[in-house]
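The values are calculated or read from the model by the stated rules, or taken from the named source; none is laboratory data. No experiment lies behind these values; they were computed from the predicted model shown. FYI the Cβ positions are ideal-geometry reconstructions off the backbone, even for glycines, and counts take in every protein chain you see.
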Amino acid sequence: MMMTSDWAIILDEADELCEMIVSSEPAKMLQQAYDAVYSDGHIVEAIFAFNRMKEQYEDVQRFGKYHPDYHTIMKSIRQQKRALDLNEKVSALRIAENDFQDLLDQISLLIGKTVSEAVKVPVSNPFFASSSSCGGGCGSGGSCSCSA
């Protein structure tokens, strides 16, 4: 591939977009929430304990209710997950992650629609998934109910 002035302009604009994303409010909130969670030793230990329990849970899932520690591990993993879910710092981190993902989805949609209205952009939020009434199934041979 040969480098032209058009490619240089595109690369410069991509770098500028990256800087804007990194310096955005959702990115700052995500970094603050991440720092808050991973600077708390009790939460970090709870996360590691939960990850160790997940490994045991996966082992239990292979054998199902016939595993000798099935009930103990199933109860323990639910309790640990609930404890993590109820922690304010962890829930703030999840909210910040979702907000940042929404920002990235919106940017992806803008870039995709700039290229062509027909571009399908995968997004994590179903509210951004489709701006048409067809639900995006028009290209699948009539599987949608629109009259396109």
Pair list, Cβ under 7 Å, 6 or more apart: the range 76-92 residue within 16 Å of D40 (Cβ to Cβ), other residue of a type in the set (D, E): K89/D40; S91/D85
Looking at K28, is it basic (K, R), in contact (Cβ under 8 Å) with a residue 12 or more places away in the chain and within 24 Å of L93 (Cβ to Cβ)? no
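Hey, among A129, A96, which residue is modelled with pLDDT under 95 and under 30 Å from K28 (Cβ atoms)?
Working: A96 fails: modelled with pLDDT under 95.
None of the other options fit; the residue is A129.
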For the range 4-113, please list each of the helices (runs of 4 or more DSSP H) lying entirely inside it that holds at least 3 residues being within 22 Å of the chain's Cα centre (by Cα), within 20 Å of S124 (Cβ to Cβ) and hydrophobic (A, V, I, L, M, F, W, C). 5-22, 25-38
Mind listing whichever residues of the range 46-74 are among the basic types (K, R) and more than 26 Å from V90 (Cα to Cα)? R62, K65
Number of the exception - L17 against (1) more than 30 Å from Q80 (Cβ to Cβ); (2) surrounded by 11 or more Cβ atoms within 10 Å (Cβ to Cβ); (3) out of contact with any helix residue (DSSP H, G or I) (no Cβ under 9 Å at 6 or more places or on another chain): (3)
Only one residue in V60, V90 is modelled with pLDDT of 95 or more and of a type in the set (V, I, T), so which one is that? V90
